[in-house]
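Just so it is clear, none of the values below were taken in a lab; they were calculated from the coordinates. As the structure is a prediction and not an experimental result, all values here were calculated from the model. As a convention, Cβ positions derive from the backbone with ideal geometry for all residues, glycine included, and neighbour counts pool all protein chains shown.
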Amino acid sequence: MFDDLKEYLREWFKKVITSRLFVLAVVFCLMSSALVMRLFNLQIIKGEEYQDAYTAMTEKVIKTASTRGNIYDRNGNVLAYNELAYDVTIQDTGAYKTDAQWNTMLYDLVSILNKHGESAQTSLELTLDHDGNVVYTSETQSGRKRFLRDYYGLKNVDEMDDSDGKYPSDISAPDLLERMKKEYHLTLGDDKNRDGRPLDKDGNPIDVSDEVALQIVGIRYTMRFTAFQKYESTTIATDISDETVADILEHAADLVGVNIQESTIRVYNESIYFAPIIGYTGKVTSERLEELKTVNDDYELNDVVGRTGIESSMELELKGKKGSQTAYVDNVGRILSVTGEVAPVAGNDIWLTLDLNLQKGIYHILEKQLAGVLLKTIVNQDEKDIAYIDSSSIKIPIKKAYFQLINNNVLSIDNFASEEASDVEQQIYQKYESSRVRIEQELRGELQSENATPMNALSEEMQAYMQYIYSYLSSSNKAIVQRDAIDTSSDMYQAWKNGTISLREYLYYGIANNWIDTTKLDIQSRYSNADDVFTALLDDCFRDLEQDPAFEKLIYQYLINNNVVTGRELCMALYSQNVLAYDENEVNLLRVSGEEYAYQFLMNKIRNIEITPAQLALDPCTASCVVTSAKTGEVLALVSYPSYDNNRISDSTYFAQLNADQSLPLRNNATQTLKAPGSTFKPITAIAGLEEGAITLSDMINCTGIYEEVSNPIRCWKYPGFHGPLNVVGGIENSCNYFFSEVAHRLSTETDGSYKPEKGLETLKKYATMFGLDRTSGIEISEATPSISDTDPERSSMGQGTHQFASVQLARYVTALANRGTVYDLSLIDKETDSQGNLVKDYSPAVASTLDFQTSTWDAVQQGMRQVVTNSSTKRMFDGLDVHVAGKTGTAQESQKRGNHAFFISFAPYENPEISVTVSIPNGYSSSNAAMVAKHVYRYFYGYASLDDILNSGALDASNERINGD
């Protein structure tokens, strides 16, 4: 038995080993054993070593930022520099897989930032304005389209407005935000499985406000541009506080991919005086990135660049050159080792031609002059009791000044309703609340009445509310009333314009004629009638008005006008809201005194510049002054009032306040505000007349008071008086309209005696062009394009017509008058040096042209300008000033309901001009106010007054006196 078994096994073994399967089995076993041994070696024996080797196989080149160059004034005072700061960066590490996870993390991050007064800074070109509305931040229409192109992921803007409507170019800002919220599942859509709303600690969805949503979608939108580079982080907040740093680090476990890194921020010294010139930096926009990449491919979407001013125009010089690190990174982007490094090169420093102290002194001179004009203009009378005389003597009722405290957000109406409101604020709010209930009841009653009162039969107040409702319904944001669809030739439209029908009647007409967009109303029935539509429209409107700050302000306006809310209460509220430093004595006096005291109180605050012209935003509240070197064309001062703090420009709340400020602090009034120059243009007319032979130095033109050689006679400012015979010097000195009308008429007359106005216009344009008034001045920041008048040579000769010039352009012109014909391309840049102080480039102003006029022509024009100062009513202003000034005043009327614009161009010393001073005060009433500013500038420049004298003085004297008709 045993032998049989052995024989069986022998035969079986023989068959197995001779089988081909046996060979395969042996091979399989050997290979499996080798594999097991190899895996054991890799994972157990050398696992850690090979894991390190595996994760370090990705080599990347990481760019490192350079240090931005400094900006100095002409004397070496630092105006812009860099300071160590901390930034928040975010990186996609792969930790978050769903929208809900991403949005929850970002919600927590944004909440931390907002808690400490910070906000996310992204490439999303949307923001909230001061009233909480979503608006675009794109600076131009083309820029907005490029932003939308990038958002849609298209190659060019022409691909938008497709037939499917997927990529609209005219999408409103609120609609775009809603689209992005749906895209990132911040709102609950039809598919509940894709609910990506952030979750609270209990796992419940959180409804996100627009303010927070903008930041969340902004971060996610910005991260799209680095999604293909996991090692690349995105900066989403800069210069955060130490408290914010600590809070983020404390919650690091819940903020995977969020890091704190060191960086630098831009700091601006004396910012209020230089912000309109230096500008500010910020994250590059898609439009700007596209532009910069054409000259330097080093720029990336996360870069901080100059957005405005010198920071923008000198971006390439200030930027420097990025460095780089060649590094190995792991699969989530962490740097494991650096194998090579190229150090960044610091940007060059820019030195301006501007003088810090001169800039500072002039800013305060302008502010104090404007305050002086307001003191002379604001009266303790109701508007109905003020008699209108002309645009040089308009008076402002005190109640308008009180209302501006609310209207221009000096006082916060939200604070009136807060739990921490003072007693006087609560009183104001209670009056508002009770009045609002009454007003809404009256409005609803009127709008729902079948016998509604025609507009012109309503009270002024009710008319204002009705007009506001209509304007609101037809605004671009609401667009329920579609203005483009209205038949403006219809009888109903004309009746509405004339006020002979009610708003109710007009809106019903709109429903019947299909220019009420019912798709924007909450109408339940598909078969609604006109009454249903109108009811839905009213409900929608009044629901919105409950949250509308502008309507709230309109109610306050009439509460103030009707003495329900008093000036005394509003002045006390200035202390409650810390607009004024608390003064117990003043508060007690306001509490027990009447309205006369409140008026005197506010006037004193204006006089002491505790309440500024910019805060009140009444006429006038803006001004500019440009000082140039007559010998070199360098700009020594370029001042715009009011201004802003460019250190705070990244604060979205502050930026919204600036945009809402009615004094327009973000506008550079010296370079962007175009106005007709008035009589400051007359020296050009005089030069044209003399050089073209239309007049001679000995010609006498007899002013009779009214020039009747044209179809629309021109009155001299002295009419019904007259100047009598004047030569060219006397014409400039007296600013005689008759004289310059006759000069222009002669320039328009052919040798055969025929009158051709286009000939005169071309001649005036020729000489204005010689002085550079056909183009921008040459300075290195953004500047509005001027225009020379193309109509009515007689009126154009006096600076009227369609002339439009900025102060800096008039400054170049008067500089050429001062130096007798050297027309410079003005410059704000003195030089460029490297970070070690070595000269890189000199920026001496270029000579654009040299005007070769007769010496006698220059003599006559300069003498006339000197006699404007010595012989006219400006004489008393410049008495006591040893330096001799020559100048020309100018006044231009733009509206009969607002003060005239005031100008003064000048140079000194008359005998050997060194500087020119140009002053413009829009709605400044009289050129004497501009001349007064210039007088104080000369006093300071030539050492007759110190900077302390200027800073410690109150409002300057103002005048509504007309100087020789200007």
ask   = Residue separation times 0.36 nm, minus the C-alpha to C-alpha distance between Phe542 and Tyr152: what's the value?
value = 136.8 nm
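With +1 on each Lys and Arg Cβ and -1 on each Asp and Glu Cβ, how big is the dipole of the stretch 548-624 about its Cα centre, in debye rounded to the nearest 20? Kindly include the intermediate steps, with their values, before the conclusion.
Values: 5 positive and 10 negative charges, 16 e Å.
Using Cβ point charges on Lys, Arg, Asp and Glu, the stretch 548-624 gives about 80 debye.
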remark   = Straight-line reach check, Lys166, cutoff 18 Å on alpha carbons, 8 or more apart in-chain or any other chain, hits among aspartates and glutamates -> Asp150, Asp158, Asp175, Glu178, Glu183
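Students often get this wrong, so check it: of Lys765/Lys888; Lys283/Lys400; Lys682/Lys897; Lys759/Lys888, which have C-alpha atoms separated by over 30 Å?
On the way: Lys765/Lys888 20 Å; Lys283/Lys400 40 Å; Lys682/Lys897 26 Å; Lys759/Lys888 26 Å.
Over 30 Å apart, Cα to Cα: Lys283/Lys400.
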remark   = Distance in nm between Gln494 and Asp517 label points, each 7 Å along Cα→Cβ, equals 3.0 nm
request  = Taking the chain as the reference, fit the longest principal axis to its C-alpha atoms, fit the long axis of helix 567-576 to the helix C-alpha atoms, and give the angle between the two in degrees, 0 to 90, nearest 10.
outcome  = 40 degrees
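Note down the net charge around Glu634, summing +1 for each Lys or Arg and -1 for each Asp or Glu among other residues with Cβ under 13 Å from its Cβ. Before the final figure, lay out each step's value.
Values: positive: Arg74, Lys631, Arg812, Lys831; negative: Asp73, Asp355, Glu780, Asp825, Asp830, Asp842, Glu914.
Within the 13 Å Cβ shell, the charges total -3.
Taking only DSSP H segments of four or more residues, each worth -39500 (n - 2.57), what value at 222 nm results for the chain once the sum is divided by all its residues, to the nearest 500 deg cm²/dmol?
Working: 36 runs with 403 residues, N = 966.
-12500 deg cm²/dmol, from helical runs alone.
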query = Taking the Cα atoms only, what angle lies between the long axis of helix 549-561 and the longest principal axis of the chain, rounded to 10 degrees?
reply = 30 degrees
ask   = Taking the stretch 879-928, which trypsin sites (Lys or Arg not before Pro) meet the DSSP loop condition and have no more than 11 other C-beta atoms within 10 Å?
value = Lys897
task = Report, in debye and to the nearest 20, how large the dipole of the stretch 423-557 comes out about its Cα centre when Lys and Arg carry +1 and Asp and Glu carry -1 on their Cβ.
result = 220 debye
Simple label model, 7 Å out from Cα along Cβ direction - Val564 to Asn269, nm = 5.3 nm
task = Using the structure shown, select from Lys360/Lys605; Lys360/Lys631; Lys319/Lys368; Lys631/Lys766; Lys97/Lys145; Lys97/Lys321 the pairs with a Cα to Cα distance greater than 30 angstrom.
result = Lys319/Lys368; Lys97/Lys145; Lys97/Lys321
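Based only on other Cβ atoms within 10 Å, what is the fewest-to-most ordering of Ile915, Ile609?
On the way: Ile915 24, Ile609 17.
Sorted ascending by nearby Cβ count, the order is Ile609, Ile915.
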remark   = Computed for the stretch 631-790: size of charge dipole around the Cα centre, +1 on C-beta of each Lys and Arg, -1 on C-beta of each Asp and Glu, debye to nearest 20, value 260 debye
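Quick one: net charge of Thr453's neighbours, Cβ under 14 Å, K/R +1, D/E -1?
On the way: positive: Arg444, Arg504; negative: Glu442, Glu446, Glu450, Glu460, Glu461, Glu505.
Combined, the nearby Lys, Arg, Asp and Glu give -4.
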ask   = When log10 I(q)/I(0) by the Debye sum over Cα atoms at q = 0.07, 0.09 Å⁻¹ is calculated directly from the model, which label among (i) -0.75, -1.03; (ii) -0.61, -0.99; (iii) -0.76, -1.18 fits?
value = (iii)
request  = Relative to the longest principal axis of the C-alpha atoms of the chain, give the angle of the C-alpha long axis of helix 460-473, reported between 0 and 90° and rounded to the nearest 10°.
outcome  = 40 degrees
key: Sum of side-chain charges, Asn269 neighbourhood, beta-carbon under 12 Å (Lys, Arg +1; Asp, Glu -1)   = -2
